Amino acid sequence: MKKFEYNYSKKDLLESPEKYQMSPYFGEMFLSSYFKSRNEIIKKLEKNNCPSFNLTGIISILHPNLTINKFEKLEHEFNTEELLCFILLKIRQGQFNIITRKFLNKLITKFEIKKRLFLSYNPDFKNLSGDFSNLMNYFLLSLICLMVYESTTNLKYLNTSLKLNDIICSQQQKLSNDIDISLGEYILKKETRLILNLCKNKGIEPNW
Amino acid sequence: MVKTGIILTPDERSKAYIQKIVKNGISLDEILFMNDKRNEKDFDAREINQAKKYGFDISQPVKETLKTAKLDFQQFDFVDINHHDIEDYLKNSQSNFFIFTGGGILKKEILESGPKFIHLHPGIVPEYRGSTCFYYSIIKENKLGVTAYIMDKNLDTGDIIFQKIFEKPDHEFIDNVFDPHIRSETLLEILNHNLIEKGEFRKQDKGGETYYIIHPILKHISILCCVKK
């Protein structure tokens with residue numbers, strides 16, 4: 001029987017973005033290869049024995065001065081990581097409103113077009129920096145998408161998270177600090193759990 | 001009298017449209033063919049057979065259909081709806097509407113060139129705008145649909161001519177076979193019932209969702225929803 005490798009996170013996806021256009025169909029084995037691939041990475045991350053993921057702790061380390069009112073309007077250029085932390089705070093506090101959703105959808109659009117997230121944008125979400133290397137942006141957007149998918153079952157968010165996680169997995173050798181590793185482990189476990197649940201709801205039982 | 005033309009490209013969608021139009025004896029006032037003379041794809045025999053069950057042959061190039069049916073057409077040696085040669089042509093066209101088989105966003109100069117453009121989008125708008133919508137719809141609702149609308153400056157937001165729902169297929173050939181099939185069937189219904197001439201177009205409801213190219217994992221889940229018993 002032909003064996004399929006999950007190849008969507010093998011190359012450096014930040015340097016060579018994947019467009020995902022007209023992707024081929026391989027059958028149920030492809031899902032099995034995806035779970036195998038993700039679990040191999042999860043196991044590697046677990047070996048680091050990092051402290052458990054703590055969202056509030058991570059935000060307070062990344063942006064200790066961030067307040068829940070900081071981005072009620074976008075009038076100036078903004079740091080992407082800070083805006084993402086703001087969105088996470090809002091979700092955490094049950095205040096994921098129309099404005100926050102609009103910011104999220106704009107960032108998703110930006111990512112889906114370029115398959116990159118830049119360090120900063122202007123209020124019209126035009127990128128101001130050529131630098132797309134901050135992995136934390138990909139972690140944070142993926143986490144937000146998974147949380148929003150969980151509460152809304154809107155597949156658009158799960159779809160974007162899968163692409164973000166392919167990028168994160170393609171950069172696994174760069175994950176060195178406790179925050180990256182614990183966040184990476186948490187996000188990949190969450191993603192695979194949600195995908196497995198979706199499969200089961202559809203009567204699909206991947207064998208892995 | 002309303003005149004309707006079609007703008008074809010060398011892909012499976014155009015093949016389905018023009019073959020079914022010819023088979024059903026429908027005549028169009030004008031045919032444009034954007035042809036970059038790309039190499040024809042090699043299709044799996046199972047794909048070809050499935051398409052034939054739906055009434056079209058994905059292995060038959062568009063130009064061959066046009067020549068066999070002895071249809072007059074204007075050819076352009078590129079595939080780019082926003083090309084200035086297309087803009088110049090359209091400014092002098094007598095057609096009121098063009099069915100545009102490609103995708104993407106039309107630039108302002110094309111939208112203002114004279115004719116209106118009709119697109120058949122494989123999603124029921126406003127709930128399913130954007131890309132690869134049918135895969136998402138299959139997962140969420142076990143069915144999918146097509147919307148024919150008048151193109152405007154944004155993506156999938158134009159006035160609706162007609163919408164049609166389809167049951168999900170029982171095979172895996174969605175991109176190259178089922179997608180062109182459901183779009184072309186919807187087009188036939190519009191043309192056979194003179195819906196363009198009737199002009200009873202309606203504005204879209206507010207809200208909705210825009211989807212992006214589906215990730216292979218979700219695509220597989222969607223196709224498995226079709227092929228698994």
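Each value in this text was obtained by applying a stated rule to the coordinates, not by laboratory testing. Because the structure is a prediction, the values reported are computed rather than measured. Backbone-built Cβ (ideal geometry, glycine too); neighbour counts: all protein chains shown.
Among rounded, prolate and oblate, which fits chain B when a ≥ b ≥ c are the square roots of the eigenvalues of its C-alpha gyration tensor, a/c under 1.5 means rounded, and a/b larger than b/c means prolate?
Oblate, since a/c reaches 1.5 and b/c is not below a/b.
With only alpha-carbon atoms counted, please give the Rg and Dmax of the range A:112-208, in Å.
Looking at the range A:112-208, its Cα Rg and Dmax stand at 14.7, 46 Å.
Give the shape of the range A:42-159 as rounded, prolate or oblate, defined through the alpha-carbon gyration tensor: a ≥ b ≥ c are the square roots of its eigenvalues, a/c under 1.5 means rounded, and otherwise the shape is prolate if a/b is larger than b/c and oblate if not.
rounded
Taking θ as phi - 60°, what are the ³J(HN,Hα) couplings along the range B:102-118 by the Karplus curve (6.51, -1.76, 1.60), each to the nearest whole Hz, with x for Gly and Pro?
Computed from phi, the couplings for the range B:102-118 are x, x, x, 10, 7, 6, 3, 5, 6, 4, 9, 6, x, x, 9, 10, 10 Hz.
Projected onto the charge dipole of chain A (+1 at Lys/Arg Cβ, -1 at Asp/Glu Cβ, origin at the Cα centre), which of A:Ile204, A:Leu135, A:Thr160 gives the Cα projection farthest towards the positive end?
Of the candidates, A:Ile204 comes out farthest on the positive side.
Calculate how steeply helix A:178-201 sits against the longest principal axis of the alpha-carbon atoms of chain A, using the helix alpha-carbon long axis, and give the answer as 0 to 90 degrees to the nearest 10.
Tilt relative to chain A: about 60 degrees.
Taking amide hydrogens as modeled 1.01 Å from N in the peptide plane, which residues meet the under 5 Å criterion relative to A:Ser120, leaving out close sequence neighbours?
A:Thr80, A:Leu128, A:Ser129
Points 7 angstrom from Cα along the Cβ direction at A:Ser120 and A:Asn177: gap in nanometres?
Here the answer is 1.9 nm between the modelled labels.
Which loop GluC sites (Glu not before Pro) in the range B:84-155, with loop taken from DSSP, have no more than 13 other Cβ atoms within 10 angstrom of their Cβ?
Within the range B:84-155, the qualifying GluC sites (Glu not before Pro) (loop, at most 13 other Cβ atoms within 10 Å) are B:Glu112.
Of B:Lys15/B:Lys198; A:Lys10/A:Lys114; A:Lys106/B:Lys164; B:Lys23/B:Lys52, which pairs sit farther than 21 Å apart, going by alpha carbon to alpha carbon?
Over 21 Å apart, Cα to Cα: B:Lys15/B:Lys198; A:Lys106/B:Lys164.
Return the loop-located trypsin sites (Lys or Arg not before Pro) in the range A:62-139 (DSSP other than H, G, I, E, B) with at most 12 other Cβ atoms within 10 Å of their own Cβ; answer none if there are none.
Passing both the DSSP loop test and the Cβ count: A:Lys73, A:Lys126.
Could you tell me which residue out of A:Asn49, B:Pro61, B:Phe178 lies farthest along the dipole of the protein assembly as shown toward its positive end? Charges go on the beta carbon: Lys and Arg +1, Asp and Glu -1, centred on the Cα centre.
Value: A:Asn49.
Return the Rg/Rh value of the range A:159-208, two decimal places, where both radii are evaluated on C-alpha atoms and Rh is the Kirkwood radius.
Radius of gyration over Kirkwood radius for the range A:159-208 works out to 1.06.
Working out 0.36 nm times the residue gap between A:Leu128 and A:Lys202, then minus their Cα-Cα distance, what length gain in nm do you get to one decimal?
Extra length available between A:Leu128 and A:Lys202 comes to 22.4 nm.
Sequence gap at least 6, Cα distance under 8 Å: using those rules, report the relative contact order of chain A to the nearest whole percent.
29
Once both labels are modelled 7 Å past Cα along the beta-carbon direction, what's the B:Ile165-B:Arg46 spacing in nm?
Taking the simple label geometry, B:Ile165 and B:Arg46 are separated by 2.9 nm.
Quickly estimate the mean residue ellipticity at 222 nm for the protein assembly as shown, helices only: each DSSP H run with n ≥ 4 gives -39500 (n - 2.57), and the total goes over all residues, rounded to 500.
Taking each H run of at least 4 residues, the total per residue is -14000 deg cm²/dmol.
Near the amide H of B:His121, under 5 Å away, which other amide H atoms are found, from residues 5 or more places off or on another chain, if H is placed in the peptide plane?
Result for B:His121 returns B:Thr147, B:Ala148, B:Tyr149.
Taking the Cα centre of the range B:134-190 as origin and charging only Cβ (+1 Lys, Arg; -1 Asp, Glu), how large is the dipole, in debye to the nearest 20?
The dipole magnitude comes to about 120 debye.
Would you please classify the overall shape of the range A:12-83 from the alpha carbon gyration tensor, given that a ≥ b ≥ c denote the square roots of the eigenvalues, rounded means a/c under 1.5, and beyond that prolate means a/b larger than b/c while oblate covers the rest?
In terms of gyration-tensor shape, oblate.
At 7 Å along Cα-to-Cβ for each site, give me the label-to-label distance between B:Phe78 and B:Glu109 in nm.
The answer from the label model is 1.0 nm.
For the range A:149-159, in order, what is each residue's ³J(HN,Hα) by Karplus, 6.51 cos²θ - 1.76 cosθ + 1.60 with θ = phi - 60°, in whole Hz (x at glycine and Pro)?
Values, residue by residue: 4, 4, 8, 10, 6, 7, 4, 4, 6, 5, 4 Hz.
Counting only DSSP beta bridges with both residues in chain B, what percent are antiparallel, rounded to the nearest 5?
For chain B, the DSSP antiparallel bridge percentage is about 45.
What is the Cα convex hull volume of the range A:85-144 when expressed per residue in Å³?
Residue-normalised Cα hull volume stands at 76 Å³.
Only four residue types carry charge here, +1 at the Cβ of Lys and Arg and -1 at the Cβ of Asp and Glu. Report the dipole size of chain B about the Cα centre in Debye, rounded to the nearest 20.
Computed charge dipole of chain B: roughly 520 debye.
Which of A:Thr80, A:Ile187, A:Ile113 sits closest to the plus end of the dipole of the protein assembly as shown, meaning its Cα is farthest towards the positive end, when Lys and Arg get +1 and Asp and Glu get -1 on the C-beta?
Checked the options; the winner is A:Ile187.
Out of residues 5 or more away from B:Ile99 or on other chains, whose amide H comes under 5 Å of its own, with H placed 1.01 Å from N in the peptide plane?
B:Gly5, B:Ile6, B:Ile7, B:Ile118
Leaving out same-chain residues fewer than 8 places away, which aspartates and glutamates sit with a Cα under 12 Å from that of A:Lys43?
Filter leaves A:Glu185.
Only Lys, Arg, Asp and Glu count, each charged at its Cβ (+1, +1, -1, -1), so figure out the dipole size of the protein assembly as shown about its Cα centre, rounded to 20 debye.
It comes to approximately 1040 debye.
For the range B:1-101, what's the radius of gyration and Dmax over Cα atoms, in angstrom?
14.0, 43
From the backbone phi of the range B:55-61, what are the Karplus-calculated ³J(HN,Hα) couplings (6.51 cos²θ - 1.76 cosθ + 1.60, θ = phi - 60°) in whole Hz, Gly and Pro given as x?
Taking θ as phi minus 60°, the curve returns x, 8, 10, 6, 8, 8, x Hz for the range B:55-61.
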